[in-house]
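No lab work stands behind these numbers, since they all come straight from the coordinates. Remember, it's a predicted structure, so these values are computed and weren't measured experimentally. Note that we place each Cβ from the backbone using ideal geometry, even for glycine, and neighbour counts take in every protein chain shown.
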Amino acid sequence: MNILKRGLPTAIAVIAGLATLAGLLVFPDLSTLLLEWAAFLAAVALVAGILNLLAIHLRRTAGRNIYSLVLILGMLLVFGLAVTDALGLTEDGVGTVFNTVQVPLEAALASLLAFFLLFGGIRLWQRQRSGWAFLFLLAILFFLVSQSPLPASVEELVSPVRSFIYDVLVTPGVRGLLLGISLGIITLSLRLLAGLERPYSS
Amino acid sequence: MDNPLLVLMLVALTVTLLLLIWRRVRDGTTLGLRPLPAYEALRRQPAYMVETGRRFHMTPGRADLHTPQAPASVAGLGALGELAQESGPSPVVTVGAPTLLPAAQGAVLRSYEASGRVAEARPGDTHFLAARDFPLVYGAGAGVLIGQPEVGGNVALGHIGPEMVLLAEAGQRQDVEQILGSDDPGAMAVSTVFTPHAVWGEELFAARAYLDESPLQLASLRTQDVLRWLVAAGILIAAALRLLGLVG
């Protein structure tokens, strides 16, 4: 029983992983097929995820949570629109809801991120008045100001400094970090391929 | 894949190094871990949760398991499994990718099974909040869950992008200890602003080595270190050769 519980998932995962790697190297059709299966399973997982979300919020609605009720009504509305779109009763209803509700809300949230960061930087400065915290706050302020529309004379002064920071300080640092991350990914992937790391069984 | 031979050589080198170092560790060679404040804080989390009766929020991010970013989230799942095993109340887990939902539920359940407390596990407290194409929606939803009074810690380790700001801001508002790490350089920078326990670069993949300290995890970490030195030496040699005009 234990062998079935532990050994079978490991064997399937290792065989699938090695087959995909072999496919990527020498049999592209095989890896494409396996990746298509994975994408199909991911779509099934998405349905399971949505049902999980619905179940959680239905439970919360019983506790008179108004936000959960709004979420459920929103889900039902979009699902209804998808059905009427498919039946030809409405035209691009889902797209309209997406473009008029989802996109502006995400854009508004994204525009707030810079300010969350700025306030986070200020709090960091209050918490630890170190040279690094000061430098971070200075960098946030500099990039917030330098990315905004500036008079041509100021832009001429700021632009080379911004380019220097990007090209000489930021880009090499980011590349160094990404190299380290790639090495971590390689070792973890090989542990997964060899069945030494098993996130799917104990 | 552009150069299969190069990939095979890299795989062979890494596997050989890993096996050699693993054997040495199993034979009794001690590999010291350099102190990382983030993982020392992470180790303290379960004890703190048991003492206070509060739960920690954990996320492995939003990389679907069939995507190239998956290893970062798998590393986060590993940390989740180790933490849940020692923690008191079952953690609140949020994911931003559907395939991570069963994986995270399984990690929590298996941890409680392993520690003989399966009845205490609450895999239903693993929430799928939004698909991976909507990072800010995920971040906003997770922020609400982090803001619950019962949450006493925030651990975000995995593939996390701009939504890190929202997760970290919610944790800061809740005034809880935060351990934040990602494979995204922008999110890493954000982590530094919000917590002294930021996990940088390849340190993300060292979580299990620090929590578990098994020979395999330690060997894997040392392999990563050796590869990093090899890459650094390669870059320096290539730069020197180019400077001398020996290569184009």
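The table that follows gives values for the structure above.
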read-out: Mean residue ellipticity (222 nm) of chain B, computed from DSSP H runs ≥ 4 via -39,500 (n - 2.57), nearest 500; value: -18500 deg cm²/dmol
read-out: Of the DSSP H helices in chain B, those whose Cα atoms cover at least 20 Å axially and whose Kyte score averages -0.5 or more; value: B:4-26, B:70-86, B:100-114, B:215-243
read-out: Order of A:S130, A:S148 - criterion: other Cβ atoms within 10 Å of each residue's Cβ, fewest first; value: A:S148, A:S130
read-out: Under Karplus coefficients 6.51, -1.76 and 1.60, residue-wise ³J(HN,Hα) of the stretch A:57-74 in Hz, glycine/proline x; value: 6, 5, 4, 5, 4, 4, x, 6, 8, 5, 5, 5, 5, 4, 4, 5, 4, x
read-out: Three-way shape label, the protein assembly as shown, alpha-carbon gyration tensor, a/c 1.5; value: rounded
read-out: Fewest-first ranking of B:E40, B:E163, using other Cβ atoms within 10 Å as the exposure measure; value: B:E40, B:E163
read-out: Exposure proxy order (Cβ contacts within 10 Å, fewest to most) of B:T59, B:T16, B:T94, B:T192; value: B:T16, B:T192, B:T94, B:T59
read-out: Residue-averaged 222 nm ellipticity for chain A, from DSSP H runs of 4+ at -39500 (n - 2.57), nearest 500; value: -26500 deg cm²/dmol
read-out: Positive-end residue of B:H57, B:M164, A:F27, charge dipole of the protein assembly as shown with Cβ unit charges; value: B:H57
read-out: Contact order normalised by residue count of chain B, Cα under 8 Å, 6+ apart, percent; value: 21
read-out: Chain A: C-alpha gyration tensor shape, a/c 1.5 cut-off, then a/b vs b/c; value: oblate
read-out: At R0 = 56 Å, FRET efficiency that the Cβ-Cβ distance of A:A62 and A:V168 yields, to 0.05; value: 0.45
read-out: Relative contact order of chain A, defined on C-alpha pairs under 8 angstrom at six or more residues apart (%); value: 25
read-out: Using a Förster distance of 41 Å, the FRET efficiency for B:L13-B:Q148 (Cβ separation, nearest 0.05); value: 0.30
read-out: Shape call, the stretch B:36-212: gyration tensor on alpha carbons, a/c limit 1.5; value: rounded
read-out: Per-residue HN-Hα couplings for the stretch B:195-209 [Karplus 6.51, -1.76, 1.60; θ = phi - 60°; Hz; x = Gly/Pro]; value: 8, x, 9, 8, 9, 9, x, 5, 4, 4, 8, 9, 4, 5, 4
